[in-house]
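For reference, the structure discussed in these notes is given below.
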Amino acid sequence: MIRPARSGSIGAAVLALALLISTFGAGRAEGVRLDTLKIPVPNAGGAGPPTALLDAIVLRPDDGQPHPLVLLNHGSPPSASDRPAMSPYGMWAQAAEFARRGWVAVAFLRRGYGTSQGGWAETYGPCSGPDYEKAGRAGASDIAAAAKFMTGQAYVSRGKWISVGRSAGGFATVALTSIAPSGLAAAIVFAPGRGSSGPDTVCGEGELVDAFAQFGQSSRVPLLWVSADNDHFFGPKLVTRLSDAFAKSGGKLSLVRAAAFGSDGHMLFSVNGSAIWAPIVDRFLAANHLVLRDRLLDAPERPAQLRTR
């Protein structure tokens, strides 16, 4: 015969369960959550309100705990008419990979892209005389402002954060390292640059080289630079000129030349290239003591916003 449990035993069991929950957290499930967000940044001199709201998505471990921040920065389409159609979901897959590694991964659109407010701040002028340094610093200011806002959120841990970018977003990230805002521990860029006007053609290569040299003068943040051998925006010879200018000016650079990827290696930092770029990133994070987890979180489900694409 089974005897009914005594009330004292039940109470002890309930207390033990409550203690386990409080110790390990109710959200111990190994998952990644997705949220949308508007990030306020200064818009001095730009079109629209003095404070612009930037469109963003946040992917992070769903465990109720704060985690370090990584900001993901997009490129710029060749045609200005394509900027309004851009979405932060364009970097959802990359953000998901960082969230699986324990980061609060924020993919956001800088001013003048998609539905983010403010006029396009990253113009560099005519092809005959581009001001790339100015364009890079404009993008960097949005990244720095987004970081300042995000590090004030309860689910972001204080201290170290990193910036990751591709193409124009990579160029803005290189510029960011020259500013070195508080807490920036490292930066990762894929095919950074500006001024591509056609396959293997860049406006004012000399001016672009000069901009990287200027950024290198005050950049001391560890920087990983990844470029594929068949990049038709910024090819191998130009990458040598740009990276040499940055490093010889004082920039702390780790350059990785990846093998050819697809028809244009400029698209390496994408969901289809993750098998190539993710191990490169992991090695860099380990070398800079920025590995947050021993095991990756489960891959999140593809959001509805991307299922028709």
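The values are calculated or read from the model by the stated rules, or taken from the named source; none is laboratory data. None of these values were measured; they are calculated from a predicted model. No Cβ is skipped: glycine too gets one built from the backbone with ideal geometry, and neighbour counts run over all protein chains shown.
Matching residues to (1) hydrophobic (A, V, I, L, M, F, W, C); (2) crowded, with 22+ Cβ neighbours inside 10 Å:
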{"residue": "G193", "(1), (2)": "no, yes"}
{"residue": "S218", "(1), (2)": "no, no"}
{"residue": "L223", "(1), (2)": "yes, yes"}
{"residue": "G262", "(1), (2)": "no, no"}
{"residue": "I280", "(1), (2)": "yes, no"}
{"residue": "L285", "(1), (2)": "yes, no"}
{"residue": "L290", "(1), (2)": "yes, no"}
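Return yes when A260 is over 18 Å from G206 (Cβ atoms), out of contact with any helix residue (DSSP H, G or I) (no Cβ under 8 Å at 6 or more places or on another chain) and of a type in the set (A, V, I, L, M, F, W, C) and no when it is not. Answer is yes for this residue. Hey, any hits in the stretch 198-210 for a residue that's buried (at least 24 other Cβ atoms within 10 Å of the Cβ), free of Cβ contacts under 8 Å to residues at least 40 places away in the same chain and under 24 Å from K252 (Cβ atoms)? Taking every residue of the stretch 198-210 in turn, none turns out to be buried (at least 24 other Cβ atoms within 10 Å of the Cβ), free of Cβ contacts under 8 Å to residues at least 40 places away in the same chain and under 24 Å from K252 (Cβ atoms). Run W225 past the list (1) outside any loop (DSSP other than H, G, I, E, B); (2) over 15 Å from A168 (Cα atoms); (3) of a type in the set (A, V, I, L, M, F, W, C) and report the number of the one that doesn't hold. Result: W225 passes all but (2). Being assigned to a strand (DSSP E or B) and under 14 Å from L109 (Cβ atoms) is the filter; apply it to the stretch 158-173 and report the residue that is farthest from the chain's Cα centre (by Cα). Out of the qualifying residues, it is R166. Only one of (1) at positive phi; (2) without any contact (Cβ under 8 Å) to a residue 12 or more places away in the chain fails for S182. Which number is that? Every listed condition holds for S182 apart from (1). Looking only at residues in the stretch 225-255 that are surrounded by fewer than 20 Cβ atoms within 10 Å (Cβ to Cβ) and of a type in the set (S, T, Y), the one that is farthest from E205 (Cα to Cα) is S254.
Residues in the stretch 283-301 that are within 28 Å of M86 (Cβ to Cβ) and free of Cβ contacts under 8 Å to residues at least 12 places away in the same chain: how many? Adding up the residues that qualify gives 1. Restricting the stretch 71-89 to residues that are of a type outside the set (S, T, Y) and touching a helix residue (DSSP H, G or I) at 6+ places or on another chain (Cβ under 9 Å), the residue that is modelled with the lowest pLDDT is P77.
Only residues that are within 24 Å of A187 (Cβ to Cβ) and of a type in the set (S, T, N, Q): list them for the stretch 44-77, please. Lay out the reasoning, then the answer.
Restricting attention to the stretch 44-77, the residues satisfying the condition of being within 24 Å of A187 (Cβ to Cβ) are 52, 54-61, 66-77.
Answer for the stretch 44-77, where residues must be within 24 Å of A187 (Cβ to Cβ) and of a type in the set (S, T, N, Q): N73, S76.
Residue pairs whose Cβ atoms lie under 7 Å apart, separated by 6 or more positions or on different chains, with the first residue in the stretch 37-65 and on the phi > 0 side of the Ramachandran plot and the second part of a loop (DSSP other than H, G, I, E, B), are G48/Q117; G48/G118; G48/G119; G64/G25; G64/G27. If you go through the stretch 1-49 and keep only what is more than 23 Å from Y155 (Cβ to Cβ) and modelled with pLDDT of 50 or more, you end up with P42, N43, A44, G45, G46, A47, G48, P49. Screening A52 on (1) farther than 30 Å from A299 by Cβ; (2) at pLDDT 95 or above; (3) out of contact with any Gly (no Cβ under 6 Å at 6 or more places or on another chain) shows it passes everything except condition (3).
One line per residue, one yes/no per condition, for (1) touching a Leu at 6+ places or on another chain (Cβ under 7 Å); (2) part of a loop (DSSP other than H, G, I, E, B); (3) among the charged types (D, E, K, R); (4) modelled with pLDDT under 95:
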position: H232; (1), (2), (3), (4): no, yes, no, no
position: G251; (1), (2), (3), (4): yes, yes, no, no
position: F284; (1), (2), (3), (4): yes, no, no, no
position: L297; (1), (2), (3), (4): no, yes, no, no
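Does A175 satisfy being at pLDDT 95 or above, in contact with a Gly (Cβ under 8 Å, 6 or more places away or on another chain) and more than 27 Å from A145 (Cα to Cα)?
The answer is no for A175.
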